[in-house]
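Take a look at the structure set out below.
The values are calculated or read from the model by the stated rules, or taken from the named source; none is laboratory data. Note that the structure is a prediction, hence the values are computed from the model and not measured. Methodologically, a virtual Cβ is constructed for each residue, glycine included, from the backbone with ideal geometry; neighbour enumeration extends over all protein chains shown.
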Amino acid sequence: MKVLISVLAIALSGATFAAEKSSHAHNDKPLHGGQVVEVNDMDFELVSTADTIALYVRDHGKPVSLQGATAKLTMLSGAEKTELTLTASADGKLQASQAKKLAAGTKVVAVVSVPGRKVTNVRFVAK
């Protein structure tokens, strides 16, 4: 009986720790109407419109300084492969012009380089 009580106490304390961890989780809700992915404690939001593609970067919910930052996007849609280089814009995002909005199902790999931070690979699948 003592063993059963000990096992239950350990199991319940693990559930408490898991609940505490989730309360400190990132807010992965999009702030700009895009798709958010968390990598290395940072949130990356990919936003595609008819004429631009942008990547917003947040660290614990706060925008990251993107001065000197770049991102290389590789987009795969069926057999078609497209590459774009995003550069920092004045309004706090990495962006580039594009000919059309990303089609649903397009796989996007972003290699993001922000000065003072390690290079990060971020993967998206367009919705």
Open item on the list: Looking at segment 36-85 only, could you name the residues that are closer than 17 Å to Thr120 by Cα, of a type in the set (S, T, N, Q) and assigned to a strand (DSSP E or B)?
Closed with: Thr70, Thr74, Thr85
Open item on the list: Suppose we filter Ala54, Ala19, Ala69 for residues that are farther than 22 Å from Pro115 by Cβ and either surrounded by 13 or more Cβ atoms within 10 Å (Cβ to Cβ) or modelled with pLDDT under 95 (or both); which single one remains?
Closed with: Ala19
- [ ] Consider only pairs whose beta carbons are under 6 Å apart and that are at least six residues apart or on different chains; among these, list those whose first residue lies in segment 96-114 and is touching a residue at least 24 places away in the same chain (Cβ under 8 Å) and more than 17 Å from Ala50 (Cβ to Cβ) and whose second residue is surrounded by fewer than 21 Cβ atoms within 10 Å (Cβ to Cβ) and among the aliphatic types (A, V, I, L, M).
- [x] Lys107/Leu76; Lys107/Val125; Ser113/Val119; Val114/Ala69
Open item on the list: Where the second residue is in a strand (DSSP E or B) and the first is farther than 22 Å from Met42 by Cβ and lies in segment 62-89, which pairs have Cβ atoms under 7 Å and are six or more apart or on separate chains?
Closed with: Leu76/Lys107; Lys81/Thr74; Thr82/Met75; Glu83/Lys72; Glu83/Leu73; Glu83/Thr74
